Amino acid sequence: MLASGETLVAVAETDLDERLRFATGAVALTNRRLLSRVNGDDAWREWPIDASMELRLRDHAGAGSLDLFAGDRLLARWRFTLGRLPAVQKMSERFAEVRRDPDASPAAAEPSAPVCGRCGAEVPPDDEECPRCGADAESPPSPRNLFRLWRFAQPYRARLALGFVLTLGATAATLVPPYLTMPLMDRVLIPYGKGVPIDVGLVATLLAALFASVFAAWGLGWARTYVLALVSERIGADLRTTTYEHLLRLSLEYFGGRRTGDLMSRIGSETDRICLFLSLHLLDFATDVLMIAMTAAILISIDPWLAMVTLLPLPFIAWMIHLVRDRLRHGFEKVDRVWGEVNNVLADTIPGIRVVKAFAQESREAGRFREANRHNLAVNDRVNLIWSVFSPTVTLLTETGLLVVWAFGIWQVSRDHITVGVLTAFLAYIGRFYTRLDSMSRIVSFTQKAAAGAKRIFEILDHVSSVPEPAKPVALPALKGRIELRGIHFRYGNRAVVKGLDLAIEPGEMIGLVGHSGSGKSTLVNLICRFYDVSEGAILVDGVDIRSLSVPAYRSNIGLVLQEPFLFFGTIAENIAYGRPDATRADIVAAARAAHAHEFILRLPHGYDSLVGERGQSLSGGERQRISIARALLIDPRILILDEATSSVDTQTEKEIQKALDNLVRGRTTIAVAHRLSTLRRADRLVVLDRGEVVEVGPHDELMAREGAYFRLYQAQARNVDESDDDRWTPQVIPATRAAGGGA
Amino acid sequence: MNADAVVQAFGFRLSRNASGRLVFTSATGEVFEGVVPVRAFPITSPEEGFALVTAEGRELAWIARLADLPEPDRLLVDEELAAREFLPEIRRLVQVSSFATPSTWTVETDRGPSVFVLKGEDDIRRLSHSMLLVTDSSGVHYLVRDHARLDRASRRLLDRFL
């Protein structure tokens, strides 16, 4: 269907129609025309490309729109969900190229990197599949999560093997006493009943053997439990630390989407539950299995027929266990999640207790907790309903089994096929045998609980950081501090926060980022720190893409001062030395001096050894900020980031902090975000951001002379009226004429 | 009601230009192009509280209820809302690829059938006791208005993720 001399340049799939209903469609771009069709209807609509045409792309709330304009007239509009955005974006870029020069050689129009057929994103040359789609197609983790615990058990193989041998011995020892009841019955008690006197020597030997086996079982059982508990504690501890270490390496994005209480309960109680399972329940289970196998072997060796009858209920019980297993597991998963919910309420409320009390909402929060608990109860009740039926049923089955053995045994004795001694031995064995089965059935619930816990742990361990450590990091020489942002885009969820931003920052330059809140200042800072990775484009430091640098090595070159300085529990000295724990006391004092913190620290009763952080010495906002400045000074970073460092303090304190900051900024590439423009008086250049785009760049005087966006911002602050240009228009309010209840 | 009367009663007038954008003319004759209607409570109370905002996001007018607008304007606002709002409501879960995430969901929504990838259980958020918001791997939101009122099969599938 292509005309001669026409080549296909780009194709993008669309998945929505004009009314935003799901419908497949496609838009194709050739060097002459734009073609499209919707929903498999075969006719392609076409628009020959001419110079007046323009494609405009925008997106809102998960749905994107590609509009074809001729001048100011809308010719066509295509809609799609965000998943298709990269392909559409590519196409609209190519459209601009084609319009400029339709006869550019098609080879030149071919993209340099291979492009994913599904989403249109570029596939890096080293990868075989598209990183974007590949992540989508990723198969879910195997449900056999408990087996994956083997990775943590491996280092303790030797001790596990010892534990197994001990278990074997202990179990065998416990099986000896019933065996000895046979001769006691047949050779001592029954003959006595028939008038034969008791053979005291034989009785003494048998009783001694009985005692010896019981004693051996005690000793071996003790050793076994100790060894295996030791191992499982260690496995649990390894699991906990590994999970926590992995968690710390995950990006801020991960933490942004989770709730503290849930993560805490995963690392704390889930690992504990797994540990308990390994040390207690799994051990019991292994013993039970051994016991059953050995008992079965002994029974068969004594009398195969009776053994058959005894083992009859076994398949029934196995079947029942299987039946309940599935239901229980989902139940327990649910219980876990509900526990997370209960924890979340606590984690939300306790840090925010000042707000709760200030607004007198204690009873509301208590209600929320009660609600979470009620949910917990409801879920537990449902699980317990299944569980409570399960246990008695097993008992019922085993008791019935016992009756069968009695009946069959008595019949066999009456026909002289077996002796009374054999029957008593059998009854003694299966008494144990069935109790083991009963306790074995309990393992189902414990296994399911532990498996659910393991799943939630592995969910953390399987999560790949969205700021991945490069496989072969580029060695980082001493940084000069040149930062270059090349066409960066960033999207948080379905909201584009940074759109196509270009900026070059010279070494040692101080840049002030200015703009309304929500204009993308803090996001930009987060991107430069690599707390997040850009969706598109690249950030280069000294000409190297920061994604190819090792994350910790790169971050050690960045000093960050935040609006709300966070002090850890510990002494002031420890807090200052947080980024460089090996710093000497002299270094710490020097940094504190430069940060103008030295004097107030000395006024504290314990000086540098005063405890701060939670429950520690209370410090004012300005004092805490100066400690965090000292912290940044101590690591002597090439790149310094001040994110609203003086926003939360009064003007007097700001002056003190400013003095400290002036020391910090000297000679470093500095990016300062500030709402108060006076803070940025020392900046070499100011970058004015608006809705994720750069609107103006230049020194203060130049921007003032230009009378643009910066001028308006500055005027607004000078008049001490916030965002005056927003107030030019007073919104008109249409009152609800028929509003029932009238919310206004 | 003629156009002038509309201006008097509500202080503004709406129209659509050749590029398909909404144009707002205030009572004082100020003209804003590319005006966007926005619902203030799109999920909990979609029929109450609308704002007309400029392309830059500045509020021009507040409309307590859409029904209070005169006919031509209301249609324009309705159309614009329909073209802008995208929150498919899940009516039925047809299939989920696995109960462990990431999981591919095949669903029927009020906007037709769709397939998406759920990255983790955390992407299902509880908005209220019965209302759920599901976010797919590319950031598109799906709403479950009342999970208790889905059909039995859907409820059973959904239940495994809650």
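Observations, loosely collected:
- Alpha-carbon centroids, segment A:217-238 and segment A:169-214: separation in whole Å: 32
- Order of A:K455, A:K480 under a 10 Å beta carbon neighbour criterion, fewest first: A:K480, A:K455
- Cα gyration tensor shape for segment A:558-636, rounded if a/c is under 1.5, else prolate or oblate: rounded
- Subtracting the Cα-Cα distance of A:W305 and A:T205 from 0.36 nm times their residue separation leaves 33.0 nm of extension gain.
- In a fully extended conformation the segment linking A:L346 and A:K480 would gain 43.6 nm over its present Cα-Cα distance, using 0.36 nm per residue.
- Each Cα pair under 8 Å and six or more residues apart adds its separation to the average, and for segment A:182-288 the resulting relative contact order is 31 percent.
- Computed Rg/Rh of segment A:7-50, alpha carbon atoms with Kirkwood Rh: 1.00
- Separation of alpha-carbon centers, segment B:69-99 and segment A:484-544, rounded to whole Å: 33
- Label-to-label distance, A:D186 versus A:A590, with points set 7 angstrom from Cα along the beta-carbon direction: 9.2 nm.
- Each of A:F22, A:F255 was scored by other Cβ atoms within 10 Å of its Cβ. Arranged with the fewest first, they read A:F255, A:F22.
- In Hz, Karplus ³J(HN,Hα) per residue of segment A:570-577 (6.51, -1.76, 1.60; θ = phi - 60°; x = Gly, Pro): x, 7, 4, 4, 4, 5, 5, 8
- Neighbour counts of C-beta atoms inside 10 Å place A:F164, A:F433, B:F161 in the sequence A:F164, B:F161, A:F433, starting with the fewest.
- The mean number of Cβ atoms from other chains found within 10 Å of a Cβ in peptide A:207-219 is 0, as a whole number.
- Simple point charges give the picture: +1 on the Cβ of Lys and Arg, -1 on the Cβ of Asp and Glu, and for segment A:558-636 a dipole about the Cα centre of about 120 debye.
- Exercise: per-residue mean of other protein chain Cβ atoms within 10 Å, B:134-147: 4
- Its residue count N fixes a reference of 2.2 N^0.38 Å for chain B, and the Cα radius of gyration divided by that reference is 1.31.
- For the pair B:A148 and B:A27, a Förster radius of 60 Å applied to the C-beta separation gives a FRET efficiency near 0.80, rounded to the nearest 0.05.
- Base-10 log of normalised Debye intensity for chain A (one unit scatterer per alpha-carbon) at q = 0.05, 0.07, 0.11 Å⁻¹: -0.46, -0.78, -1.33
- Among A:674-683, A:586-595, the order from most to least packed when residues are scored by Cβ within 10 Å on average: A:586-595, A:674-683
- Length gained on full extension, A:E54 to A:R415: 119.8 nm, using 0.36 nm per residue less the C-alpha separation.
- For A:K499, a cut-off of 26 angstrom between C-alpha atoms picks up these lysines, skipping any fewer than 8 places away in its own chain: A:K90, A:K521, B:K119.
- Summarising the amide proton neighbourhood of B:R65: residues at separation of 5 or more, or on other chains, whose placed amide H is nearer than 5 Å comprise B:G49.
- Cα lying deepest toward the dipole's positive end in segment A:500-584, options A:L540, A:G515, A:L560, charges on Cβ: A:L560
- Other residues within the sphere of radius under 12 Å centred on the Cβ of A:S269, judged by their own Cβ, net out at +1 (K and R +1, D and E -1).
- Residues whose amide H lies under 5 Å from that of A:A583, counting only those 5 or more places away or on a different chain, are absent; hydrogens are built 1.01 Å from N in the peptide plane.
- Solvent-free Debye scattering, log10 I(q)/I(0), computed from the Cα coordinates of segment B:3-84 at q = 0.15, 0.25 Å⁻¹: -0.48, -1.40
- Value of relative contact order over segment A:425-570, rounded to a whole percent, pairs C-alpha under 8 Å and six or more apart: 27
- For segment B:90-159: rounded, prolate or oblate by the Cα gyration tensor [a/c cutoff 1.5]: rounded
- Each label was represented as a point 7 Å from its Cα along the Cα-to-Cβ direction; for A:R706 and A:N39 these points are 4.8 nm apart.
- Estimated FRET transfer efficiency when R0 is 35 angstrom, pair A:R676-B:R65 (beta carbons, to 0.05): 0.30
- Phi to ³J(HN,Hα) by Karplus 6.51 cos²θ - 1.76 cosθ + 1.60 over segment A:699-714, Hz, x for Gly, Pro: x, 3, 4, 5, 5, 5, 5, 6, 6, x, 4, 5, 4, 5, 4, 5
- Here's how it looks for A:D545: its modeled amide H is under 5 Å from none belonging to a residue 5 or more places away or on a different chain.
- Mean separation of Cα contacts under 8 Å, 6 or more apart, over the residue count of chain A: relative contact order %: 10
Only the coordinates and a few stated rules stand behind these numbers; no lab work does. Being a predicted model, the structure only gives us computed values, none of them experimental. Here the Cβ is made from the backbone with ideal geometry for all residues, glycine too, and neighbour counts use every protein chain on show.
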